[in-house]
Structure formats: structure tokens, C-alpha cells
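Heads up, the thing below is written out as C-alpha cells.
The values are calculated or read from the model by the stated rules, or taken from the named source; none is laboratory data. None of the values given here were measured: they were computed from a predicted structure. Cβ atoms come from the backbone with ideal geometry, glycine included; neighbour counts cover every protein chain shown. Remember, those area values only see protein heavy atoms, side chains included, never the ligands or the DNA or RNA. Shrake-Rupley method; radii C 1.70, N 1.55, O 1.52, S 1.80 Å.
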Amino acid sequence: MSFSLDRRAFLASGAALLAAPALAQAVAPSIRRVSPKLDRIIAPDAKVEVIATNIKWAEGPVWVRQGGYLLFSDPPANIMRKWSRKGGVSVFMEPSGLPNPDPKIVREAGSNGMAMDHQGRLLIANSGGRSLDRYDLATRKRTVLVDRYKGKRFNSPNDMHVAKSGAIYFTDPPYGLLNGDDSPAKELPHNGVYRWTEGGEAVLLDGSLTRPNGIAMSPDEKRLYVSVSDEKARRIMVYDLDARGMPTGSRVFLDASAMPGPGNPDGMKVAADGTLFCSSPGGMWVLTPEGERLGVIEDGMPIANCAFGDDGSTLYMASSDRILRLPLKLNGWKA
């Protein structure tokens, strides 16, 4: 989630549903090269393909390797959809988050960010249910893993990253609550970045960020990246991690305050070689581990999140009301 409340309110309205097809046809997605170094990652003749449209707000794509398909969220519609090359788009789960939400309290009832755990189970940032959930794709059993910090309910978990140890790093902004920070349902005084391990409690890593959003780790797990989608302080933070996976310091990795174009810092993924694919103003930016901007995938609309898919050499992107696909020269899963 990475844009103003006014825009999301529009997208969630009936007007947005009528406008979605026109939006999808208005701008052809493209690639803008900032550095010739991008040619190592994206071929000069590579094309961005639109594979799904008519979505209220596309989010949280994740590739299910054992099934060979993509899942993605539509938080305001409370739907999780599936896409495959053979079957196209279908509804995978409805509701994807909180059943029967109260519109006076909940603004986004559905699932948001997603990931796969090391046992091949789906992990869901349940925005409306205010929890991290695990869904067994074989048995269809859904389990709440954690929904509180020190006895108080989370705001609306947004995105996550699974470490090699199985620990889950996740963000918890107030986007799922009507009126955000001013919601009477908000129990925590902060919007946090957390770490959770099986059998334990959530540990607060940072409670100072106004709008923590996308989250990812470097391949060696010595760095944790967190995007801040606050329009007044747009940036991506990086945290140095110790051997226990806990932060020892932080700094601004990308200052997005003056970057033009639609969107704010949002979801991101880090390839096995350290290349970052980060939602930021203008689209999906490709960055080196040092923060050098190599290029951007532009769609004329905010691009909220991405995932590696197929054999790891395809980038799938959730862009406003549609899903994009782009072949890569690198493999996100293999160095």
C-alpha cells in the first residue's frame, strides 16, 4: 500500500470499477533505463506484459512453486486471486481476510502482503483480521500465528519477509483501519516493524516509523530494508542486523522525497545477487545494493509490490488495478 487515502478511497468506489478497464488501456507499461548497467538485469528488448485487469487494488503477489501459479491480493475487495498460464485469472479465496467486516471500523478487510514459508505453506498479512495467518494449501486449514503485541491488537499487518531461520519480519501500518491513526479501534500507540518466531511473541524492532510498509532482507541477511510510505517523509530505511537477526543501527537507503511520479515507497524484493526491485514514486525501481538507480518499470500508476516467479527469472508486479509480468536476465532465487 503506497498512496494517498484519497486515491485509495476512489479505487475502492464504484467509480473505480467502471474506470479500471479504461485505466488499464490508457498507458502501456514501459522500461526507462537510467544506467547501462540495467542491461545485465533486463534485456534491452524486454517487454512488460499485462496479464490481469479489473482489480480494485492489486497487492502482495507471491509465486507458489509447487503449483506453478501466482497468488495476489485485492485488499479493498477482500479477495485473493490466482493466475496461471493455463487457467488465467480466477478467485482463489473470498473473503481473503476478515469475514463480515464493519465498514465503520475496517477500511481494507482483505489480505495484503503474502509469502511462502519453508514448508510450502502460504503466509498472509491479514489486514482486516489484524493478524499474520498461515494457510495450508493442501488441507486449506488457516491458522492465526500472531495478532498482538504485548496484549494489544496489531493495526493492520501489511507485508512480510521470511528469513532463512523461519523468522517472519513484518510491518504494521494503520492502512486497514478507517481513519488510520485516529481510529478508535487502534490499540497500539505506534506503527511498527516486528520480528516473530514460531512459539514466541512478536518483538518490536522499530516503532518510530510513521508508515512502515514494504520489507525485505539482503541475501546474506545482514540488512533489513523497510519502506516508509508516508507522503511527508517518503524513504526506504536499511537496518544492520546482528547474528541474532536484530537491528544494531539504521539509516536512509533511498530518499524518495523528491522523486516524481505516482506512488510512494511500498513493496520490494531482493534478488539472490543483491539487486533490489523497489516500489517507489514513478514505478518499480531497480537498484544496486549500494542504492544506485539503474532504471524503472513505469505503468503510469503506482506499482505496489512484486514477486519473482516461474523459474525465478520473471518479475510479477501488482500495479494499481492490474498485474504485470516482465522477463529478467537474472534469477531472483539463484545467485
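Can Phe277 be described as more than 17 Å from Pro44 (Cα to Cα) and open to solvent by less than 10 Å² (accessible area, probe 1.4 Å)? In short, yes.
Taking the stretch 113-145 only, how many residues are part of a strand (DSSP E or B) and either closer than 17 Å to Gly214 by Cα or touching a helix residue (DSSP H, G or I) at 6+ places or on another chain (Cβ under 8 Å) (or both)?
Initial filter on the stretch 113-145 (part of a strand (DSSP E or B)): 113-116, 122-126, 131-135, 142-145.
With either closer than 17 Å to Gly214 by Cα or touching a helix residue (DSSP H, G or I) at 6+ places or on another chain (Cβ under 8 Å) (or both) added as a condition, the list becomes 113-116, 123-126, 131-132.
Matching residues across the stretch 113-145 total 10.
Only a single item in (1) open to solvent by less than 10 Å² (accessible area, probe 1.4 Å); (2) in contact with a Gly (Cβ under 6 Å, 6 or more places away or on another chain) is not met by Trp57, and it is number (2). Residues that are touching a residue at least 40 places away in the same chain (Cβ under 8 Å), in a loop (DSSP other than H, G, I, E, B) and open to solvent by 10 Å² or more (accessible area, probe 1.4 Å) within the stretch 302-331 comprise Asp310, Leu328, Lys329, Leu330, listed in sequence order. Every test in (1) touching a helix residue (DSSP H, G or I) at 6+ places or on another chain (Cβ under 6 Å); (2) of a type outside the set (A, V, I, L, M, F, W, C); (3) farther than 21 Å from Ala233 by Cβ is passed by Ser165 save one, and that test is (1).
Selection within the stretch 96-112: residues that are part of a loop (DSSP other than H, G, I, E, B) and aliphatic (A, V, I, L, M). The member of this set that is farthest from the chain's Cα centre (by Cα) is Ile105.
For the stretch 243-268, filtered to residues that are touching a residue at least 60 places away in the same chain (Cβ under 8 Å) and surrounded by 23 or more Cβ atoms within 10 Å (Cβ to Cβ), the residue that is nearest to the chain's Cα centre (by Cα) is Gly267. Look at (1) open to solvent by 20 Å² or more (accessible area, probe 1.4 Å); (2) hydrophobic (A, V, I, L, M, F, W, C); (3) farther than 15 Å from Ser313 by Cα and you find that Leu71 fails only one, number (1).
The condition of being in contact with a His (Cβ under 8 Å, 6 or more places away or on another chain), of a type outside the set (Val, Ile, Thr) and either on the phi > 0 side of the Ramachandran plot or touching a residue at least 40 places away in the same chain (Cβ under 8 Å) (or both) holds for only one of Ala271, Ala185, Ala216, that being Ala216.
Mind listing whichever residues of the stretch 142-188 are β-branched (Val, Ile, Thr) and buried (at least 17 other Cβ atoms within 10 Å of the Cβ)? Walk me through it before giving the result.
To start, the set of residues in the stretch 142-188 that are β-branched (Val, Ile, Thr) comprises 143-144, 146, 162, 168, 171.
Matches in the stretch 142-188: Val146, Ile168, Thr171.
Applying the condition of being in a loop (DSSP other than H, G, I, E, B) and hydrophobic (A, V, I, L, M, F, W, C) to the stretch 196-220 and asking which residue is nearest to Asp181 (Cα to Cα) yields Leu209.
Residues checked against (1) over 16 Å from the mean Cα position of the chain (by Cα); (2) within 17 Å of Gly312 (Cα to Cα); (3) assigned to a strand (DSSP E or B); (4) of a type in the set (Gly, Ala, Ser):
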| site | (1), (2), (3), (4) |
| --- | --- |
| Lys37 | yes, no, no, no |
| Ala43 | yes, yes, no, yes |
| Ala46 | yes, yes, no, yes |
| Val50 | yes, no, yes, no |
| Ile55 | no, no, no, no |
| Pro61 | no, yes, yes, no |
| Pro76 | no, no, no, no |
| Arg81 | no, no, yes, no |
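Out of the residues in the stretch 123-141 that are open to solvent by 20 Å² or more (accessible area, probe 1.4 Å) and of a type in the set (Ser, Thr, Tyr), state the one that is nearest to Met217 (Cα to Cα). Step through it out loud before you land on a result.
Kept after step one, since they are open to solvent by 20 Å² or more (accessible area, probe 1.4 Å), are these residues of the stretch 123-141: 134-141.
Going one step further and asking which of them are of a type in the set (Ser, Thr, Tyr), we end up with 135, 139.
Details: Tyr135: 23, Thr139: 30 Å.
So the residue we want is Tyr135.
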